[in-house]
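Accompanying notes for the structure given below.
The values are calculated or read from the model by the stated rules, or taken from the named source; none is laboratory data. Since the model is a prediction, treat every value here as computed from it, not as a measurement. Heads up, the Cβs are rebuilt from the backbone with ideal geometry, glycines too, and the neighbour counts pull from every protein chain shown. Heavy atoms of the whole protein, side chains included, go into the accessibility calculation; ligands, DNA and RNA do not. Shrake-Rupley method; radii C 1.70, N 1.55, O 1.52, S 1.80 Å.
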Amino acid sequence: MNLCRTLFAAVALLLSVQAWAGSVNVNVADARQLSAELEGIGPALAERIVQYRQWHGPYERASDLMNVPYIGRTRFDRIREAVRVD
């Protein structure tokens, strides 16, 4: 039983590391990185994300991206798994 728990914990850790490694930190990425890494985010919208961060401070949670003009629920849902805030 203990081995099963250990294996489960190891798999959970591996999955979380993989998810983190495949994501973009919107608090440090520049516009070029954002447009290259996030599906549906072009150069103009990536620049808005960076400008919003500069004017309002770092994003506290990923959903704060919906405060950026032209990022609504639908667009956010598409990129949610690819963004992180550290």
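Apart from one condition, ALA19 fits all of (1) modelled with pLDDT of 95 or more; (2) in a helix (DSSP H, G or I); (3) closer than 14 Å to VAL83 by Cβ; (4) of a type outside the set (Phe, Trp, Tyr); the exception is (1). When the range 36-53 is filtered for residues that are surrounded by 11 or more Cβ atoms within 10 Å (Cβ to Cβ) and in contact (Cβ under 8 Å) with a residue 40 or more places away in the chain, the ones remaining, listed by number, are GLU37, LEU38.
The single condition among (1) in contact with a Pro (Cβ under 9 Å, 6 or more places away or on another chain); (2) surrounded by fewer than 12 Cβ atoms within 10 Å (Cβ to Cβ) that VAL85 does not satisfy is (2). Among the residues of the range 66-78, those identified as open to solvent by less than 90 Å² (accessible area, probe 1.4 Å) and more than 15 Å from ASN27 (Cα to Cα) are PRO69, ILE71, GLY72, ARG75, PHE76, ASP77.
Taking the range 1-16 as the range and being open to solvent by less than 80 Å² (accessible area, probe 1.4 Å) and either at pLDDT 60 or above or under 17 Å from TYR59 (Cα atoms) (or both) as the test, no residue passes. Of all positions in the range 30-46, at least one carries a residue that is within 10 Å of the chain's Cα centre (by Cα), outside any helix (DSSP H, G or I) and modelled with pLDDT of 95 or more.
Selection of the range 32-81 for residues being in contact with an Asp or Glu (Cβ under 9 Å, 6 or more places away or on another chain) and among the aromatic types (Phe, Trp, Tyr) yields only TYR52.
Scanning the range 67-86 for residues that are in contact (Cβ under 8 Å) with a residue 12 or more places away in the chain, in a loop (DSSP other than H, G, I, E, B) and out of contact with any Leu (no Cβ under 7 Å at 6 or more places or on another chain) yields a count of 4.
Filter the range 54-65 down to the residues that are open to solvent by 40 Å² or more (accessible area, probe 1.4 Å), within 14 Å of ARG84 (Cα to Cα) and either part of a helix (DSSP H, G or I) or touching a Lys or Arg at 6+ places or on another chain (Cβ under 7 Å) (or both) and list them by number.
Keep residues of the range 54-65 that are open to solvent by 40 Å² or more (accessible area, probe 1.4 Å), which gives 54-56, 58, 60-61, 63.
Now drop any that are not within 14 Å of ARG84 (Cα to Cα), which leaves 58, 60-61, 63.
Passing the criteria: only SER63.
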